[in-house]
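What follows is one structure encoded as structure tokens, with my remarks underneath.
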Amino acid sequence: MTRHVHVVVPAILLAACQPAGDSAPSGPATPTDDATPAAAPASLVGEYRVAGIDGAKVGGDIGIGLSITETAIFYQPRCAGFDWTYSYEAGALTTERPADTEVCAIGVHPEQQRLAEALDLVARVARTPSNGIELTGGGHSVTLFSQ
């Protein structure tokens, strides 16, 4: 029994030397709102997976890859008119489909058409809490994730 006392006593003394847990935070509490988008990205250039259109996942068992260069936003099939020029600065975005684009006669998926309608109207860009990019405007939204 003495042997157990020697083991327990040092453990109790060690615990007594530890700082007491403080239940109050050391600084002012900062609320985190995961629904609030973070600041807009400096640039949009990159390759993206379209994760959502108007708050819903891309349906129809298809994936849509969206490319953004310094001057253009596009996805395949480009000849179907899925091609925009754009300007972007500090979260403000304007898109425009070039008038001189020759359009091919090809069937397109309804989700591709839905994305085109949203991209015609987007006007703002912000980061999402999950580090995606959300384009919004005209009652539409497009959520993108880097590929």
State the extension gain, in nm to one decimal, for the chain segment bounded by Ser87 and Val103, taking 0.36 nm per residue of separation less the distance between their alpha-carbons. 3.5 nm
Long-range amide H partners of Leu66, meaning residues 5 or more apart or on another chain whose placed amide H is closer than 5 Å, are Tyr48, Arg49, Val50
Two-site label geometry, Thr69 and Arg124: point separation in nm, points 7 Å out along Cα→Cβ: 3.0 nm
Any chance you could look up the accessible area of His140 with a 1.4 Å probe, heavy atoms only, rounded to 10 Å²? 50 Å²
Quick check: net charge around Asp120, other residues with Cβ under 14 Å of its Cβ, Lys/Arg +1 and Asp/Glu -1? -2
When the Karplus curve 6.51 cos²θ - 1.76 cosθ + 1.60 is applied with θ = phi - 60°, which whole-Hz ³J(HN,Hα) does each residue of the stretch 67-83 get, with x for Gly and Pro? 10, 10, 9, 5, 10, 9, 10, 7, 8, 8, x, 4, 5, 7, x, 8, 8
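The values are calculated or read from the model by the stated rules, or taken from the named source; none is laboratory data. Keep in mind that this is a model prediction, so the values were computed, not measured. Because the Cβ atoms are built from the backbone with ideal geometry, glycine has one as well, and the counts that use them run over all protein chains shown. Note: accessible area is taken over every heavy atom of the protein model, side chains too, but ligands, DNA and RNA are not part of it. Shrake-Rupley method; radii C 1.70, N 1.55, O 1.52, S 1.80 Å.
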